[in-house]
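The values are calculated or read from the model by the stated rules, or taken from the named source; none is laboratory data. Please read all numbers here as calculations on a predicted model, not as lab measurements. Here the Cβ positions follow ideal geometry from the backbone for every residue, glycine too, while neighbour counts run over all protein chains shown.
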Amino acid sequence: MKRRSVLSMPLAALAAMPAAAAPGTMYPDSLLASRVADYREVMEDNLRRVFLPALSAQQRAALSSVKLEFPLRGRQNTPFEFFATGDQRVHLPVFSIRFLSDLAIAQTWLLMRDYRSNTVYEYISLMKYQQRPRDDWPDPRTALQIPADATQDQQVDQFSLHLLNQALAFILLHELAHIVHRDPGYGPGVARAAARGNEASADAFALEVMRRIGMPPLGVEFFFAVMSHHGRVRADFLSAGDYQKWLDEATHPLDTDRMRAVARYMQAHAADFAKLQRDPRRSEQVVGAVAGQVDQIARYLEDLDLQRLIAARARAASIASLAPRKH
């Protein structure tokens, strides 16, 4: 696996690969199995050389036995099944990483070719609202008609890597936070309000470490934008009472309070996130704009009419409708 700088190297080999799956197959096990060694090498290297040195001695001690595990798929075979366990294992399914990588490549290629990138989120909404077997979906790059050689463009390759790297850094650090904080998980004996508080604390931990190492959080906004279309929202319930009941019982919903806390942190520490970039002042402005986009996610989570519109369009749309289209 070709290495670049420590913070830009993750998943370079993955991003350089063309979309391999035909419509209806998503990712075959053989493809996922071929990526395990690279993923493990890169993410364990980042953990050891970048993240752990940025922690306090006490935090490092709490992670002394941590292990990163890379099953081909999560237990539910869904796109987002990252989690940590009480015995210091962090599960990072290869399917989930590959899926996120393809989304990052798709969004970057669309933006750089002056196409509308919201088709990425339309794809996620189609998966959510159209009832069909999980394996009966084309992968993101196939569905969104991204050229197989998209990452031969150096700008597409580099920027999509940055997006993916930042998203995965946040995800890994968030899960490590649960281990450092000794969070009890989501069993029946854990109050849901406490569980949601643990999620907010894990977000704060991840952002703080990214701030310390000067890693911009553009990929964090990208990840949350994807999750906001993947997760349940108010429009998915018949009444406000039903939605509130679900919120009261949910362990880690993507709610407005959580998003606004993330946006505030990004805005307050924009200079630190940007300090190691080639043009720190310009990068600080970009981070501030990204914080505003996270705040827009919070607004979407409150906008019942927009949620209903997105759901209706997703139910009526087809994969063919995801073809690249100009602004």
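In segment 244-272, what count of residues is obtained for those that are under 16 Å from residue 291 (Cβ atoms) and out of contact with any Pro (no Cβ under 8 Å at 6 or more places or on another chain)? It would help to see each step written out before you state the result.
As a first pass, look at segment 244-272 and keep what is under 16 Å from residue 291 (Cβ atoms): 256-272.
Subsequent filtering for residues that are out of contact with any Pro (no Cβ under 8 Å at 6 or more places or on another chain) retains 256-265, 267-270, 272.
Number satisfying all stated conditions: 15.
For residue 104, are the conditions met, namely being modelled with pLDDT of 95 or more and either over 20 Å from residue 219 (Cβ atoms) or surrounded by fewer than 20 Cβ atoms within 10 Å (Cβ to Cβ) (or both)? Explain how you work it out, then say what you get.
On the way: modelled with pLDDT of 95 or more: yes; either over 20 Å from residue 219 (Cβ atoms) or surrounded by fewer than 20 Cβ atoms within 10 Å (Cβ to Cβ) (or both): no.
No, not satisfied.
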Filter segment 48-80 down to residues that are of a type in the set (Lys, Arg) and either touching a residue at least 60 places away in the same chain (Cβ under 8 Å) or within 27 Å of residue 208 (Cβ to Cβ) (or both), then give me how many there are.
-> 4
Which one is nearest to residue 129 (Cα to Cα), of the residues in segment 206-238 that are at pLDDT 95 or above and of a type in the set (Gly, Ala, Ser)?
-> 235
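Out of the residues in segment 159-186 that are charged (D, E, K, R) and not in a helix (DSSP H, G or I), state the one that is surrounded by the most Cβ atoms within 10 Å (Cβ to Cβ). Write out each step before concluding.
From segment 159-186, those charged (D, E, K, R) are 175, 182-183; that's our starting set.
This time we only want the ones that are not in a helix (DSSP H, G or I), so: 182-183.
Numbers: 182: 9, 183: 19.
Step by step, filter segment 159-186, then rank; the result is 183.
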List every residue pair whose Cβ atoms sit under 6 Å apart, with the two residues 6 or more apart in sequence or on different chains, where the first one lies in segment 238-250 and is closer than 15 Å to residue 304 by Cβ and the second, anywhere, is modelled with pLDDT under 90 and surrounded by 12 or more Cβ atoms within 10 Å (Cβ to Cβ).
-> 247/253
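Matching residues to (1) of a type in the set (Asp, Glu); (2) part of a helix (DSSP H, G or I); (3) within 19 Å of residue 314 (Cβ to Cβ); (4) touching a residue at least 40 places away in the same chain (Cβ under 8 Å):
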| position | (1), (2), (3), (4) |
| --- | --- |
| 111 | no, yes, no, no |
| 122 | yes, yes, yes, yes |
| 125 | no, yes, yes, yes |
| 132 | no, no, yes, no |
| 138 | no, no, yes, yes |
| 142 | no, yes, yes, yes |
| 148 | no, no, no, yes |
| 151 | no, yes, no, yes |
| 157 | yes, yes, no, yes |
Enumerate the pairs (first residue in segment 263-276 and basic (Lys, Arg); second residue anywhere and in a loop (DSSP other than H, G, I, E, B) and modelled with pLDDT of 95 or more) with beta-carbon separation below 6 Å, excluding pairs fewer than 6 apart on the same chain, so at least 6 apart or on different chains.
-> 275/214
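Of the residues in segment 283-308, how many are of a type outside the set (Asp, Glu) and more than 22 Å from residue 217 (Cβ to Cβ)? Give the steps one after another, and end with the answer.
Of all residues in segment 283-308, those of a type outside the set (Asp, Glu) come to 283, 285-294, 296-301, 304, 306-308.
After this cut, where a residue has to be more than 22 Å from residue 217 (Cβ to Cβ) as well, the list is 304, 306-308.
Number satisfying all stated conditions: 4.
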Identify, from the list 238, 218, 276, 309, the residue that is surrounded by fewer than 14 Cβ atoms within 10 Å (Cβ to Cβ), within 27 Å of residue 53 (Cβ to Cβ) and of a type outside the set (D, E, K, R).
-> 276
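Where residues in segment 259-314 are among the basic types (Lys, Arg) and farther than 20 Å from residue 163 by Cβ, which of them is nearest to the chain's Cα centre (by Cα)?
Residues of segment 259-314 that are among the basic types (Lys, Arg), as a first pass: 260, 264, 275, 278, 281-282, 299, 308, 313.
Subset that is farther than 20 Å from residue 163 by Cβ: 260, 264, 281, 299, 308, 313.
Details: 260: 17, 264: 19, 281: 26, 299: 19, 308: 23, 313: 24 Å.
Checking each candidate, the answer is 260.
For segment 293-327, name all the residues that are over 23 Å from residue 256 (Cβ atoms), in contact with a Leu (Cβ under 9 Å, 6 or more places away or on another chain) and of a type in the set (Gly, Ala, Ser). Lay out the reasoning, then the answer.
Looking only at segment 293-327, we keep the residues that are over 23 Å from residue 256 (Cβ atoms), and these are 315-327.
Keeping just the survivors that are in contact with a Leu (Cβ under 9 Å, 6 or more places away or on another chain) gives 315, 317-319, 321-324.
Within segment 293-327, 317, 318, 321, 323 qualify.
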